[in-house]
Amino acid sequence: MLKKKKTEAYALGQHISMSADKARRVIDQIRGRSYEETLLILELMPYRACYPIFKLVYSAAANATYNMGSNEVNLLVSKAEVHEGTSRKKFKPRARGRSSPIKRPTCHLTIVMKDISLEDKDIETNSLKKKLEGKNSSGGKWDKK
């Protein structure tokens, strides 16, 4: 039996101090792009959310090269998600002894990198299996598969 090789590596960033909506604005631009193109986009975008996302993409690529032995040229951002985290609550002192609440939102980021070259090898092995299964059967109408 053939052992299925992992084709994906991921990196998680939790409790990042920014709004989930601001992070989604950047994440939507990099989803589905290659690794090199993603780094170029993140360096040139003028948003504050780009730096933590840049660090996560870099980390996910490092995980892919270390765990799977893949080349950075073959990497693709297959999944990029943003979820809302907890809000840090503080109080700001105001006039007459009152206070007003301040909410600092956080978010959780997930970046998944896929190796395209390993995926192509899986497709080739699946097609070889189907060819071998077709040769072993007698070709009758009532053969069970």
- ALA64, sole failed condition from (1) under 13 Å from the mean Cα position of the chain (by Cα); (2) open to solvent by 50 Å² or more (accessible area, probe 1.4 Å): (2)
- For the stretch 67-88, state whether one or more residues are surrounded by 12 or more Cβ atoms within 10 Å (Cβ to Cβ), hydroxyl-bearing (Ser, Thr, Tyr) and under 11 Å from the mean Cα position of the chain (by Cα). yes
- Message: Quick check on THR110: is it of a type in the set (Val, Ile, Thr) and over 24 Å from THR7 (Cβ atoms)?
- Response: no
- Task: For residues that are of a type in the set (Phe, Trp, Tyr) and under 18 Å from HIS108 (Cα atoms), tally how many sit in the stretch 25-69.
- Result: 4
- Which numbered condition LYS92 fails, given (1) farther than 17 Å from THR110 by Cβ; (2) open to solvent by less than 100 Å² (accessible area, probe 1.4 Å); (3) in contact with a Ser or Thr (Cβ under 6 Å, 6 or more places away or on another chain); (4) not aromatic (Phe, Trp, Tyr): (2)
- Query: Any chance the stretch 8-23 includes a residue that's of a type in the set (Lys, Arg), over 18 Å from VAL112 (Cα atoms) and open to solvent by 90 Å² or more (accessible area, probe 1.4 Å)?
  - Reply: yes
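The values are calculated or read from the model by the stated rules, or taken from the named source; none is laboratory data. Predicted model, so just to flag it, every value in this text is computed and none were measured. Neighbour counts are summed over all protein chains in view; Cβ atoms, including those assigned to glycine, are modelled from backbone coordinates with ideal geometry. These accessible areas exclude ligands, DNA and RNA; they are computed on the full protein's heavy atoms, side chains included. Shrake-Rupley method; radii C 1.70, N 1.55, O 1.52, S 1.80 Å.
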